[in-house]
Amino acid sequence: MRVGGAAEWLLEPADVDELVAAVNSVRERGLPLWILGGGANLIVADGVLPGAVVATDRLRRVWRWHGDGDPFAFDAPPPHFPERQIEAPAWLVAWAGESMPGLVNRSKALGWSGIEGLAGVPGSLGGGVAMNAGGSWGELWDAVDRVRLLEPDGNVVDLPRDAFAPSYRNANLGDRIVLAASLRLEQSTKAAVDARVREHLEHKRRVQPVTEWSAGCIFKNPPKERSGGKGAGQLIDEAGLKGLSKGDAIVSPLHGNFLVNKGHATATDVLALIDELQSRIADRTGLLLEREVKVWRSDAGAGHSIGR
Ligand code: EPU
């Protein structure tokens, strides 16, 4: 959203080993720890954020895996092994900092199907796995096969899909941090994957303010049985709240569940607008819209080990 303050400390590890070392050293010092992926689903409060932000932005590696040996062994086979026929299924493996659009593009170029429903979802793989990124056409955890995690005690573990219980927009990882993940895809054709990616991107461009400064959907859609099947955007729209603003933060006239920074909004503006939407929708419908975006602020709670 291009709002918010500064980090007290910023660590930018360049590979998975450095990420583990960075997180462990922040934890050993008892500092608040904030893991920053692509930042696409995040509002950082104004002011200085105490503690250490560990950014995964430099951890961009993606490679194919053919089903033998350790999927996370980045060096074997080499990342640029020659094009070869791989029997279905096929795996893409990536470090946490790889971009979601980059992964969708890679699957498209290979003609591997399974994540085209994520087309247009910004951010990084680590955040996507932790928050179960997705939309009406599927969720990332439909494809996640194995995850390499850093545990709160500093150990690195590889766990299969069955060891997790992902739910709507939350993989329920607790204080565990995603280092890398493998995605299980199916052999298809470049043309078929490309057609679905285009369809999804065109739909998004029509109904979402994709070129403006936003943090995606602000609220989770409430349980259908409680909202009569209406999503958060529709509830905000029907309440006549599109266009409502605080400073330069405005409820998108295109989609009610998007707040847009028109240029000079502050995090304080955005957070005040979120509060106002919550209370207006609660007054009108009795539903408390639950925030989907993450908010980082210094009062996030004493003793927390990972910022949320
Ligand atoms: N609608 C309105 N007014 C609005 C917005 C939507 O009436 O202002 C109606 C639409 O006409 C449609 C229904 O509400 O009938 C659902 O809208 P849409 O198809 O835009 O989907 P959504 O439920 O609002 C979800 C995800 C999006 C994802 C899209 C498409 C959530 C909270 N949102 O939106 O995810 O991009 O499906 O897959 O689950 C995000 O997570 O940041 C995000 C944007």
Item to check | Net charge of Cβ neighbours under 12 Å - reference K108; Lys, Arg +1; Asp, Glu -1 | outcome: +2
Item to check | Paired Rg and Dmax values of segment 115-261, which use every Cα atom, in angstrom | outcome: 17.5, 50
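Once you list every other residue whose beta carbon is under 14 Å from the beta carbon of S99, what net charge do they have if Lys and Arg are +1 and Asp and Glu are -1?
Details: positive: R58, R60, R61, R106, K108; negative: D57, E98.
That sum, taken over residues with Cβ under 14 Å, equals +3.
Per residue of the chain, what 222 nm ellipticity follows from adding -39500 (n - 2.57) for every DSSP H run with n ≥ 4, rounded to the nearest 500? Each step should come with its number before you reach the end.
Values: 7 runs with 79 residues, N = 308.
Taken over the chain, the calculation gives -8000 deg cm²/dmol.
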Checklist outcome for this item: Quick numbers on the chain, Rg and Dmax over C-alpha atoms in Å, give 19.8, 60
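Identify the chymotrypsin sites (Phe, Trp or Tyr not before Pro) of segment 160-248 meeting these criteria: DSSP loop state and at most 14 other C-beta atoms within 10 Å of the C-beta. Don't skip to the answer; put the middle values down first.
Values: sites: F164, Y168, W213, F219; in loops: F164, Y168.
Passing sites in segment 160-248 are Y168.
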Item to check | Lysine-lysine proximity count for the chain, Cα under 20 Å, sequence distance 8 or more or distinct chains | outcome: 13
Checklist entry - Just how far, in whole angstrom, is segment 88-118 from segment 26-48 if you go by their alpha carbon centroids? => result 27 Å
Next on the checklist: Calculate log10 I(q)/I(0) of segment 191-291 for q = 0.12, 0.24 Å⁻¹, where I(q) comes from the Debye formula with a single equal point scatterer on each Cα and nothing for solvent.
Outcome noted: -0.42, -1.23
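Taking 8 Å as the Cα distance limit and 6 or more residues as the minimum spacing, I'd like the relative contact order of segment 144-226 as a percentage.
On the way: 64 pairs, mean separation 22.2, N = 83.
For segment 144-226, the relative contact order is 27 percent.
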Item to check | Residue-normalised accessible area of the chain, expressed per residue, 1.4 Å probe, Å² | outcome: 47 Å²
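The values are calculated or read from the model by the stated rules, or taken from the named source; none is laboratory data. Source: prediction; values computed, not measured. Reconstructed Cβ throughout: ideal geometry from the backbone, glycine too, with neighbour counts over all protein chains shown. All accessible areas refer to the heavy atoms of the entire protein, side chains included, with ligands and DNA or RNA removed. Shrake-Rupley method; radii C 1.70, N 1.55, O 1.52, S 1.80 Å.
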